[in-house]
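J.: Here it is, the structure in full.
The values are calculated or read from the model by the stated rules, or taken from the named source; none is laboratory data. Since we're looking at a predicted model, the values are computed, not measured. Here Cβ is always computed from backbone atoms with ideal geometry, including for glycine, and neighbour counts include all displayed protein chains.
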Amino acid sequence: MLSLSERSNRLSIAILVLWISSCFAACSDKGFDQVPEVDQKRFMGTWYEVAALPTSFNKGCSCSKMDLQADDGDGYVKMIYSCIKKEKQGAVLAKIYSADNGSFSRWRLQYFWPFRNTLYVIALDSSYTHAMVAGPDRDFLQILSRSSLPDQTVTSDYISKAGSLGFNTDALVFPEQKCN
């Protein structure tokens, strides 16, 4: 039987191995590039979700949108993701921190402390009317538009780009945006 000290040492080693493994997973090459720079002020405001890979919070949603507001005092952006699901309005609040020395093209998204996800802005048109945001594991993808009636050519181009980057575009959902 192991002594308390030996069990403690083995537990410490196991925790260290798990921590190192998670660091390697978090730092692994995502295989796609984010846009070089995003003007944070121009990116603020309302974005409608045109298409997305299904997640627990957007599955079955209509009228999906994301509102971004800069919080000048604390250095983060407040994100409110809202949609209608089963005829009820719902919303999720999160904080977005720039994770790339201020270029705002790589985000650390935090729904609640201490859990954060890394997201990348991988496409953005020069007029800031269409954007695509993705997760490094290719399990998160959003195509966004400033209009609830997006340009279908841009949407198709973004879907093609996502497919070429290895995202499962067959699984995309297209929330209905006929809302008030």
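J.: What number goes with the only condition from (1) in contact (Cβ under 8 Å) with a residue 24 or more places away in the chain; (2) out of contact with any helix residue (DSSP H, G or I) (no Cβ under 9 Å at 6 or more places or on another chain); (3) within 20 Å of K41 (Cβ to Cβ); (4) part of a loop (DSSP other than H, G, I, E, B) that D74 does not pass?
T.: Here D74 clears every test but (1).
J.: Can you confirm whether segment 160-178 contains a residue that is without any contact (Cβ under 8 Å) to a residue 24 or more places away in the chain and within 24 Å of M44 (Cβ to Cβ)?
T.: No, there is no match, as no residue in segment 160-178 is without any contact (Cβ under 8 Å) to a residue 24 or more places away in the chain and within 24 Å of M44 (Cβ to Cβ).
J.: Oh, and also: Within segment 43-75, which residues are surrounded by fewer than 17 Cβ atoms within 10 Å (Cβ to Cβ) and of a type in the set (S, T, Y)?
T.: Hits for segment 43-75 are T46, T55, S56, S62.
J.: Something else now. Return yes when I84 is closer than 18 Å to T46 by Cα, in contact with a Cys (Cβ under 8 Å, 6 or more places away or on another chain), part of a strand (DSSP E or B) and of a type in the set (V, I, T) and no when it is not.
T.: Judged against the criteria, I84 is a match.
J.: Turning to a different aspect of this structure: Considering each residue of segment 122-161, count those that are closer than 21 Å to F57 by Cα, small (G, A, S) and within 14 Å of the chain's Cα centre (by Cα), and give that number.
T.: Looking only at that region, the number is 3.
J.: Can you tell me how many residues within segment 87-116 are under 15 Å from the mean Cα position of the chain (by Cα), in a strand (DSSP E or B) and either at positive phi or of a type outside the set (V, I, T) (or both)?
T.: 14
J.: Residues of segment 137-180 being surrounded by fewer than 16 Cβ atoms within 10 Å (Cβ to Cβ), assigned to a loop (DSSP other than H, G, I, E, B) and of a type in the set (S, T, Y), which ones?
T.: S147
J.: Let me ask you something else. Y128 - would you say it is in contact with a strand residue (DSSP E or B) (Cβ under 7 Å, 6 or more places away or on another chain) and of a type in the set (F, W, Y)?
T.: Answer is no for this residue.
J.: Restricting attention to segment 117-133, and to residues there that are polar (S, T, N, Q) and in a strand (DSSP E or B), which single residue is surrounded by the fewest Cβ atoms within 10 Å (Cβ to Cβ)?
T.: Checked segment 117-133; the qualifying residue surrounded by the fewest Cβ atoms within 10 Å (Cβ to Cβ) is N117.
J.: So which residues in segment 94-119 are more than 20 Å from R42 (Cβ to Cβ) and at pLDDT 85 or above?
T.: Result: T118, single match.
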